[in-house]
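Heads up: the structure comes next, in structure tokens.
The values are calculated or read from the model by the stated rules, or taken from the named source; none is laboratory data. All figures in this text were calculated on a predicted structure; none of them were measured in a lab. FYI the Cβ positions are ideal-geometry reconstructions off the backbone, even for glycines, and counts take in every protein chain you see.
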Amino acid sequence: MMETYRNEPFTVFTRESSRTAFEAALKKVEAELGRTYTPIIGGRRVRTERSQDSINPAQTNQVIGKIDQADRQLAEEAIRTAAAAYESWSTVPAAARARVLYKAAALLRRRRHEFSAWMVWEAGKSWPEADIDTAEAIDFLEFYGREMERLAEKQPLTRIPGEDNELIYIPLGVGVVIPPWNFPLAIMAGMTTAAIVCGNTVVLKPASPTQVIAAKFVELLEEAGLPAGVVNYLPGPGGEIGDFLVDHPLTRFVSFTGSREVGLRINERAAKTQPGQKWIKRVIAEMGGKDTIIVDREADLDLAAEAIVLSAFGFAGQKCSACSRAVIHQEVYDTVLEKVIERTSRLTVGSPLEASTYMGPVIDQSAFNKILEYIDIGRMEGRIAYGGQPSDSNGFFIEPTVIANVAPTARVAQEEIFGPVLAVIKAGSFEEAIAIANNTDYGLTGAVISRNRAHLELAREQFHVGNLYFNRKCTGALVGVHPFGGFNMSGTDSKAGGRDYLLLFTQAKIVSEKL
């Protein structure tokens, strides 16, 4: 019997032994940079004529890996291979499927620093951010394994005389998994293994900036004993193979994490029935946010400033849960703004290879250009109180940026920037602050910093987000502790890492026998 689930502890990098071990992992990964990775279909490595380089966002002339790109012909093969593998994998007992996840978790735990080091190199994550990502991946594996075993148990039903009734959860079929680059191990691993532990098979289309990390995880699943064809690794251009995978009549569900625009496109395409399709496709989507921390006039102002800065600038603000708006009561606005600027000025920005770095680069040229455009918009819509400049280094570095005196309806207060940019907004009352927090199309995370219990209870009822935090930052959801997913244009409120999540990858069947 497995022990009770508990979250994986984070590495304490103030310990010399931890720093030494991580430095060794960075060097090990560095020696492997530049290798070639290929699509994996049914366990077979497939070389293609096209290749894409994965580059280091902190040093753009450095190639992390060369990834052969799939076309539609390989996408068709991957879907059909997954469909064939489903016939046997779906019959494997739930406990046996869960054991694959437990074995993968054990392997990942042993190679923890190595996988974290890959994220430092390929995604530009700082040491702690990469370590947290790997710990969360381990959590997903352990949690979803136990959840599948729970769902496989005898389910409670109302009993009546003369009948034997049973409810069982069966898998859906072939799924397309499209993960994001910002949590290139944790979210990718969670989305993939949640699907397969339920008995489904998967075509995994990795995010373009982090294709190497995804390839490494698929290799880990193979080492853990996952049968060939259950997960098929299919890197390739989204415009060519993404729509094809979503549209395919054998696709039963699509699990997506990414931008609102792409998520809505997937939802629209999946809703159209294709010739030969026997089901309504299911879409599980997490599409970002425009997240707010409210600071009440009755609040610990140092705590407020700390929560805002950590939430806004961790991993350069490249989190769907990041605080991109601070709504501050007018009586404490100037004080909190000053404290936020002071804390922001102490953040270290630089190479993620260095242990002292807090904030590394943004992910790629497209993100770099978009964020700078929003900063220019912010100069017109408010006042740049801190930062706002790119670095002249050979990397996608942008200073953490605080924009003060922003109107609630300004573009930088409404549109998802996905970078180290914070809009600071003044509210005349707590009730107005709640209204401002709710005035976006999104509803993912939020936080309230207040000592006023009545205000906290008002926010509990009226602040419309999927994950609401009181007197703490609005990032850092833990698997099993803070099931994660949002409302409105933030997605389908899938609640990853919660007891409801695996139900999205299953369907309930009732069997009744008259005695």
Query - Residue within the range 158-173 that is at pLDDT 95 or above and in a helix (DSSP H, G or I) present - result: no
Query - Candidates Asn405, Asn488, filtered to the one that is free of Cβ contacts under 8 Å to residues at least 24 places away in the same chain and at positive phi - result: Asn405
Requested in this report: Search the range 410-434 for residues that are among the charged types (D, E, K, R) and pair each with any residue that is surrounded by fewer than 24 Cβ atoms within 10 Å (Cβ to Cβ) when their beta-carbon atoms are under 6 Å apart and the residues are at least 6 apart or on different chains.
Outcome: Arg411/Ile377; Lys426/Gln330; Lys426/Tyr333
Query raised in the report: Which residues, taken from the range 281-328, are closer than 22 Å to Gly388 by Cα and in a strand (DSSP E or B)?
Result: Asp291, Thr292, Ile293, Cys323, Ser324, Arg325, Ala326, Val327, Ile328
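Residue-wise test of (1) modelled with pLDDT under 95; (2) buried (at least 24 other Cβ atoms within 10 Å of the Cβ).
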| site | (1), (2) |
| --- | --- |
| Ala271 | no, no |
| Pro275 | no, no |
| Trp279 | no, no |
| Gly288 | yes, yes |
| Asp291 | no, yes |
| Ile294 | no, yes |
| Ala299 | no, no |
| Leu303 | no, no |
Requested in this report: For residues that are part of a loop (DSSP other than H, G, I, E, B) and under 23 Å from Pro93 (Cα atoms), tally how many sit in the range 174-185.
Outcome: 0
**Report entry** Subset tally (residues that are more than 23 Å from Ser351 (Cα to Cα) and either among the β-branched types (Val, Ile, Thr) or at pLDDT below 95 (or both)) for the range 53-112
**Finding:** 6
Report task. Would you check if Lys339 is assigned by TED's automatic domain parsing to the domain that holds Val424, in contact with a Leu (Cβ under 8 Å, 6 or more places away or on another chain), without any contact (Cβ under 8 Å) to a residue 60 or more places away in the chain and not in a loop (DSSP other than H, G, I, E, B)? Result -> yes
Report task. Scan (1) within 23 Å of the chain's Cα centre (by Cα); (2) at pLDDT 95 or above; (3) not hydroxyl-bearing (Ser, Thr, Tyr) for the single condition Pro237 breaks and write down its number. Result -> (2)
Requested in this report: Sort out for me the strands (runs of 3 or more DSSP E) sitting completely within the range 410-515 that have 2 or more residues that are of a type in the set (A, V, I, L, M, F, W, C) and buried (at least 18 other Cβ atoms within 10 Å of the Cβ).
Outcome: 421-427, 445-449
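Table: residues versus (1) touching a residue at least 40 places away in the same chain (Cβ under 8 Å); (2) assigned to a helix (DSSP H, G or I).
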| residue | (1), (2) |
| --- | --- |
| Val12 | no, no |
| Phe22 | yes, yes |
| Leu26 | yes, yes |
| Glu32 | no, no |
| Gln52 | yes, no |
| Ala70 | yes, no |
| Gln73 | no, yes |
| Glu76 | yes, yes |
| Arg80 | yes, yes |
